[in-house]
Amino acid sequence: MKRILGIDWGDKKMGVSVSDLLHITASGVGVFYGDKEEKMNKIEELIKKYDVEEIVLGFPISLSGEIENQGKKILEIKDEMEKRFKIKIELIDERFTSKISKDKFLYEKKKGLKIKQKKVEDDLSSAIIILNSYLSRLK
């Protein structure tokens, strides 16, 4: 089996997680900064490094279910990834991942971190939550 990559894509940075080989759980890979091309290059590097067969991409939808500006950007990113990487890209509703990643349980391990460090941890946590959500659907 190959791995699945989870991505929480943002304009300035992206959180990335990867599944285990059995598709049971996700682990954080890191938070990466840069423009779109730099992030795409990083994804390409991670696809090779982890032998990835599929990408799960967080898809922001408004609470009313509308696809707004950021959602439209993600649809464009998805299309570009499919063309560039020639692998399946799955969209996952990420409406509540930020809230979940800020959950008291997750923040317990972040005590003592500076605000900037907490934001990085939130992006990484969101990528893990996005991928774990998808993995749980596969079961």
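None of the figures in this text is laboratory data; all of them are computed from the coordinates on show. All of these numbers come straight from a predicted model, not from anything done at the bench. Every residue, glycine among them, receives a Cβ derived from its backbone with ideal geometry; neighbour counts consider all protein chains shown.
Do any of LYS72/LYS139; LYS12/LYS139; LYS13/LYS139; LYS2/LYS78 go past 25 Å between their Cα atoms, and which? Kindly include the intermediate steps, with their values, before the conclusion.
Working: LYS72/LYS139 29 Å; LYS12/LYS139 33 Å; LYS13/LYS139 30 Å; LYS2/LYS78 20 Å.
Table pairs above 25 Å Cα-Cα are LYS72/LYS139; LYS12/LYS139; LYS13/LYS139.
Put a dot 7 Å past each Cα toward the Cβ at LYS86 and SER136; how far apart are the dots in nm?
Here the answer is 3.5 nm between the modelled labels.
Under the 0.36 nm per residue contour assumption, what length would be gained going from the current alpha-carbon distance of GLU53 and THR25 to full extension?
8.5 nm
List, in order, the whole-Hz ³J(HN,Hα) value for each residue of the stretch 76-87 obtained from phi through the Karplus relation with A = 6.51, B = -1.76, C = 1.60 and θ = phi - 60°; use x for Gly and Pro.
These are the phi-based 3J(HN,Hα) values: 5, 4, 4, 4, 5, 5, 4, 5, 6, 9, 6, 10 Hz.
What order, most packed first, do the peptides 123-135, 61-73 have when packing is the mean number of other Cβ atoms within 10 Å of each residue?
Details: 123-135: 24.3, 61-73: 11.1.
So the peptides 123-135, 61-73, ranked by packing, come out 123-135, 61-73.
So how long is each side of the stretch 12-96 along the principal axes, counting just the alpha-carbon atoms, biggest first, in Å?
Projected onto the principal axes, the Cα atoms of the stretch 12-96 cover 37, 29, 23 Å.
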